[in-house]
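The values are calculated or read from the model by the stated rules, or taken from the named source; none is laboratory data. Note that this is a predicted model, so its numbers are computed, not measured. All Cβ positions, glycine included, derive from the backbone under ideal geometry; neighbour counts span all protein chains shown.
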Amino acid sequence: MKLSTAMKPSTLSRLALLLLAALLLGGCTRGTSDLREWIAQQKAKKGAPIPPLPVIKTFETFTYADQDLRDPFGASAAEQDSSAANSGPRPDQNRPKQPLEMFALDSLKMVGTIGAGAGIEALVKDPGGVIHPVHRNEYLGQNYGRITAISDDHIDLIELVSNGNGGWMERPASMALGEK
């Protein structure tokens, strides 16, 4: 056979690779009888027994008869009553704000007292470091905290906080000397 322009070396090498691949694949199919025999043996073996399904428990049916009662997660009758929200303590929105009402109560610090008896006044330091004298019935803190008593080591207040239903409730608070 003579190499002509029709058969180039690259075509010849491709043909040789194709012939080699066919021979290799043909060799893989011979001698598989032992493999087929092993597969037949494995298929003939019995498998492990499957455990039985668990017994389904039957539950006693129950009729809930208290559906007409109050929802335990809802608002109570007192909370739903709008007249209760309008009664009770309310902050006086018409009075002028005092300087210490613009600070949160926990940011203020009692640093001392001046005087004694009914004329006692407390010294309160704001976050800016300014010391303010305060008297009974004055206000401090952002929750309308009115000073009810001043002693040598603490200030007692009554704060007005929202009860969540449009009303207000009183909450006692205090500030001890040298806190923070």
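Computed values, structure above
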| read-out | value |
| --- | --- |
| All positions within segment 140-149 that are among the β-branched types (Val, Ile, Thr) and crowded, with 20+ Cβ neighbours inside 10 Å | Ile147 |
| Identity of the residue in segment 162-176, within 18 Å of Phe103 (Cβ to Cβ) and surrounded by 14 or more Cβ atoms within 10 Å (Cβ to Cβ), that ends up nearest to the chain's Cα centre (by Cα) | Ala173 |
| Qualifying residue in segment 58-71 (condition: in contact (Cβ under 8 Å) with a residue 12 or more places away in the chain and surrounded by 10 or more Cβ atoms within 10 Å (Cβ to Cβ)) | no |
| In segment 80-94, residue surrounded by the most Cβ atoms within 10 Å (Cβ to Cβ) [restricted to those that are modelled with pLDDT under 75 and over 17 Å from Glu170 (Cβ atoms)] | Asp81 |
| Single match in Lys46, Lys97, Lys125, Lys109 (criterion: of a type in the set (Lys, Arg) and at pLDDT below 90) | Lys46 |
| Subset tally (residues that are touching a strand residue (DSSP E or B) at 6+ places or on another chain (Cβ under 9 Å) and assigned to a loop (DSSP other than H, G, I, E, B)) for segment 128-140 | 4 |
| Selection count, segment 124-139, where residues are out of contact with any Asp or Glu (no Cβ under 6 Å at 6 or more places or on another chain) and surrounded by 15 or more Cβ atoms within 10 Å (Cβ to Cβ) | 7 |
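Every residue, every condition in (1) surrounded by 10 or more Cβ atoms within 10 Å (Cβ to Cβ); (2) of a type in the set (Asp, Glu); (3) modelled with pLDDT under 85, yes or no:
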{"position": "Met1", "(1), (2), (3)": "no, no, yes"}
{"position": "Ala6", "(1), (2), (3)": "no, no, yes"}
{"position": "Pro9", "(1), (2), (3)": "no, no, yes"}
{"position": "Leu15", "(1), (2), (3)": "yes, no, no"}
{"position": "Leu23", "(1), (2), (3)": "no, no, yes"}
{"position": "Cys28", "(1), (2), (3)": "no, no, yes"}
{"position": "Gly31", "(1), (2), (3)": "no, no, yes"}
{"position": "Arg36", "(1), (2), (3)": "no, no, no"}
{"position": "Ala40", "(1), (2), (3)": "no, no, no"}
